[in-house]
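Read the structure below first, then the notes.
The values are calculated or read from the model by the stated rules, or taken from the named source; none is laboratory data. Fair warning: this is a prediction, and the values are worked out from it, not measured in the lab. Please note: Cβ atoms are built from the backbone with ideal geometry, for glycine as well, and neighbour counts cover all protein chains shown. For accessibility, only protein heavy atoms count, side chains too; no ligands or nucleic acids. Shrake-Rupley method; radii C 1.70, N 1.55, O 1.52, S 1.80 Å.
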Amino acid sequence: LGLDKPLHEQFLTFLGNAAQGDLGTSFVFNQPSISLILNRLPATLELAIVAVLMALVVGIPLGMLAGLKPGSLLDESVMTGSILGFSLPNFWQGIMLIMIFSVWLGWLPSTGRGQVGEIFGIQTSFATWDGIRHLLLPALNLSLFKLALVIRLTRTGVRETMPLDFVKFARAKGISERRIVMVHVFKNILIPLVTVVGLEIGSLIAFGVVTETIFAWPGIGKLLIDSIMRLDRPVVVAYLLVIVALFIFINLVVDILYSILDPRIRLGGGAR
């Protein structure tokens, strides 16, 4: 393990191996750490993708309705619900979801990934109904905080955009209110949404540890907790480096989406 060498030599050796894709061998599993991470990563990505989709599909319409009718009963109800989403502890939400939907109602399984199948040669829960049923509860638990965030961002964006001159001009041209909201207003609130949601995808992947532990979901978060408990240092280091790389990649994608959504944002476009 090179533990007999000075610390600076250990570090340089690690950097040299990491540059070749060798992040060390797990003390517990006796396998390359990076292969353990990559084997568990698809399960975590499934969870993050479904959680983000839940937050967007529910959060954007609710946020737009609340923003279009400020001060109404609908607005107050939606904002109160979003406060709960921010305030309730993630682990408590998970326990309550298991108690309601698994123990009391018996609708959904509470632990594990369930049966997986192949789509384009990739093992995924999306390929089987049992896998989808196992995915719903942990994804819902992971999405509640993001749902509250999307609702508030969308509502704020709508309220800030509606009084602007281009909206008044569109009304003066006789454009229908529905088209104004769905095209002109919606396009303007997408940039802050893309920014925050893009970064939140990274946080879901990196910090879904509590949800994966509660629901015994075999992702990289569960692997991290198990490795910390067993003092499996190479796996913990590999996890951190993979997460850093994912955050860098996600930031790059967000920057590219900026330029697509808003033509005024261009690389190399200096101030005039």
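Quick one: count up the residues across the stretch 1-21 that are out of contact with any helix residue (DSSP H, G or I) (no Cβ under 9 Å at 6 or more places or on another chain) and not in a loop (DSSP other than H, G, I, E, B).
The qualifying residues number 11.
Among the listed residues ASN17, ASN90, identify the single one that is within 30 Å of VAL197 (Cβ to Cβ) and polar (S, T, N, Q). I'd like the intermediate steps shown before the answer.
Numbers: ASN17 fails: within 30 Å of VAL197 (Cβ to Cβ).
When all the criteria are applied, what remains is ASN90.
Considering (1) on the phi > 0 side of the Ramachandran plot; (2) open to solvent by less than 40 Å² (accessible area, probe 1.4 Å), say which one GLY174 fails and leave the rest.
(2)
Can you tell me which residue within the stretch 185-199, out of those that are within 8 Å of the chain's Cα centre (by Cα) and open to solvent by less than 40 Å² (accessible area, probe 1.4 Å), is nearest to PHE247 (Cα to Cα)?
Pass one, the stretch 185-199, residues within 8 Å of the chain's Cα centre (by Cα): 197-199.
Cutting the leftovers down to open to solvent by less than 40 Å² (accessible area, probe 1.4 Å) gives us 197-198.
On the way: VAL197: 12, GLY198: 9 Å.
Ranking the qualifying residues of the stretch 185-199, first place goes to GLY198.
Being over 28 Å from LEU240 (Cβ atoms), among the β-branched types (Val, Ile, Thr) and buried (at least 19 other Cβ atoms within 10 Å of the Cβ): is that true of VAL167 here?
Numbers: over 28 Å from LEU240 (Cβ atoms): yes; among the β-branched types (Val, Ile, Thr): yes; buried (at least 19 other Cβ atoms within 10 Å of the Cβ): no.
When the stated conditions are applied, VAL167 does not pass them.
Just the residues that are out of contact with any Lys or Arg (no Cβ under 9 Å at 6 or more places or on another chain), at pLDDT below 90 and either of a type in the set (Val, Ile, Thr) or open to solvent by less than 70 Å² (accessible area, probe 1.4 Å) (or both), please, taken from the stretch 3-15.
GLN10, PHE14
Considering the stretch 20-75 alone, what residues qualify as being hydroxyl-bearing (Ser, Thr, Tyr) and touching a residue at least 12 places away in the same chain (Cβ under 8 Å)?
First, the residues of the stretch 20-75 that are hydroxyl-bearing (Ser, Thr, Tyr): 25-26, 33, 35, 44, 72.
Within the stretch 20-75, THR25, SER26, SER33, THR44 meet the criteria.
Please specify each residue of the stretch 200-226 satisfying the condition of being part of a helix (DSSP H, G or I) and open to solvent by less than 30 Å² (accessible area, probe 1.4 Å). Break it down stepwise before answering.
Going through the stretch 200-226, the residues part of a helix (DSSP H, G or I) turn out to be 200-207, 209-214, 220-226.
Once the filter is applied, which keeps residues that are part of a helix (DSSP H, G or I) and open to solvent by less than 30 Å² (accessible area, probe 1.4 Å), the stretch 200-226 yields GLY202, SER203, LEU204, ILE205, ALA206, VAL209, THR211, GLU212, ILE220, GLY221, LEU223, LEU224.
Inside the stretch 33-63, can you point out the residues that are out of contact with any helix residue (DSSP H, G or I) (no Cβ under 7 Å at 6 or more places or on another chain) and open to solvent by less than 50 Å² (accessible area, probe 1.4 Å)?
Once the filter is applied, which keeps residues that are out of contact with any helix residue (DSSP H, G or I) (no Cβ under 7 Å at 6 or more places or on another chain) and open to solvent by less than 50 Å² (accessible area, probe 1.4 Å), the stretch 33-63 yields SER35, PRO42, ALA43.
Counting residues that are of a type outside the set (Val, Ile, Thr), farther than 30 Å from ILE189 by Cβ and under 22 Å from the mean Cα position of the chain (by Cα), which helices (runs of 4 or more DSSP H) fully inside the stretch 22-117 reach at least 2?
Passing ranges, in order: 33-68, 90-97.
Would you check which residues across the stretch 16-32 are among the aliphatic types (A, V, I, L, M) and either more than 22 Å from ILE228 (Cα to Cα) or open to solvent by 100 Å² or more (accessible area, probe 1.4 Å) (or both) and list them? Full working, then the answer.
Taking the stretch 16-32 first, the residues among the aliphatic types (A, V, I, L, M) are 18-19, 23, 28.
Correct list: ALA19 only.
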